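The values are calculated or read from the model by the stated rules, or taken from the named source; none is laboratory data. Worth saying up front: this structure is predicted, and the values here are computed from it rather than measured. Note: ideal-geometry Cβ built from the backbone for every residue, glycine included; neighbour counts use all protein chains shown.
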Amino acid sequence: MLNSMILLITPSQRGSECATAIETALGQPAQAVKSFQEAVVCLRSHTYSAVVIDECLLDADPDQASLTLKHIQTAIPVYVNGAISGIPRVIEKVESALSRRTQDEAAARQSALAGLRSELREPLTGIILNCELVLDTPNIPAGIREKLRAVHDLAGQLGVKLQLDQSPVPSPGPR
């Protein structure tokens, strides 16, 4: 994962203990801060994969909470009720959120790739077909024929890389 730290924002005396447990369980560095002000300082200087926020702080200072949330960038916010959630429950929520994020990112990549394939299929096919039509034209100078064949081959390679077609596009033979 690109972002590798987890930030825990809680006024709890057990915040450091919880951060250590998160770090041990998830294999990502974790740190605990006691206030939104401290969190903003951390968020400005580091990149986090998740920001765990104790809900009691949200209720106590909604304005600072809003300001802090503007600084989390790509981190996923995880809300916990520190008063009733034990450390195992916090770890479970963070792990679940990070897992969902990984799944969402994979789905977004697949969707973007499918969209790209769809958008490129028609123009790429058009390039290949037009190259073949021109290459079928008699009396084309050898230099132009060679360049058209190169364009055709490159378009075919691009199609294979994008998996637009399951089979490679054959290079037109000498004409």
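Residues that are basic (Lys, Arg) and surrounded by 12 or more Cβ atoms within 10 Å (Cβ to Cβ) within the stretch 109-134 comprise 117, 121, listed in sequence order. Residue count for the stretch 30-50 under the criterion of being part of a helix (DSSP H, G or I) and surrounded by fewer than 21 Cβ atoms within 10 Å (Cβ to Cβ): the result is 7. When residue 174 is tested against (1) under 23 Å from residue 109 (Cα atoms); (2) at pLDDT below 90; (3) not acidic (Asp, Glu), exactly one condition is not met: (1). Every residue in the stretch 63-111 that is of a type in the set (D, E, K, R) and within 24 Å of residue 13 (Cβ to Cβ), please. Across the stretch 63-111, the qualifying residues are 89, 92, 93, 95. One residue is enough: does the stretch 24-33 have a residue meeting the conditions of a type in the set (A, V, I, L, M) and under 15 Å from residue 89 (Cβ atoms)? Taking every residue of the stretch 24-33 in turn, at least one turns out to be of a type in the set (A, V, I, L, M) and under 15 Å from residue 89 (Cβ atoms).
Of the residues 102, 137, the single one that is in contact (Cβ under 8 Å) with a residue 60 or more places away in the chain and either in contact with a Gly (Cβ under 9 Å, 6 or more places away or on another chain) or among the polar types (S, T, N, Q) (or both) is 102. Under the condition of being surrounded by fewer than 16 Cβ atoms within 10 Å (Cβ to Cβ), assigned to a helix (DSSP H, G or I) and of a type in the set (Gly, Ala, Ser), the residues counted in the stretch 51-103 number 4.
So, residue 106, is that one in a helix (DSSP H, G or I), outside the structural domain of residue 9 (by TED's automatic domain parsing), modelled with pLDDT of 90 or more and in contact with a strand residue (DSSP E or B) (Cβ under 9 Å, 6 or more places away or on another chain) or not? The answer is no for residue 106. Against the list (1) outside the structural domain of residue 12 (by TED's automatic domain parsing); (2) under 28 Å from residue 23 (Cα atoms), the condition residue 128 fails is (2).
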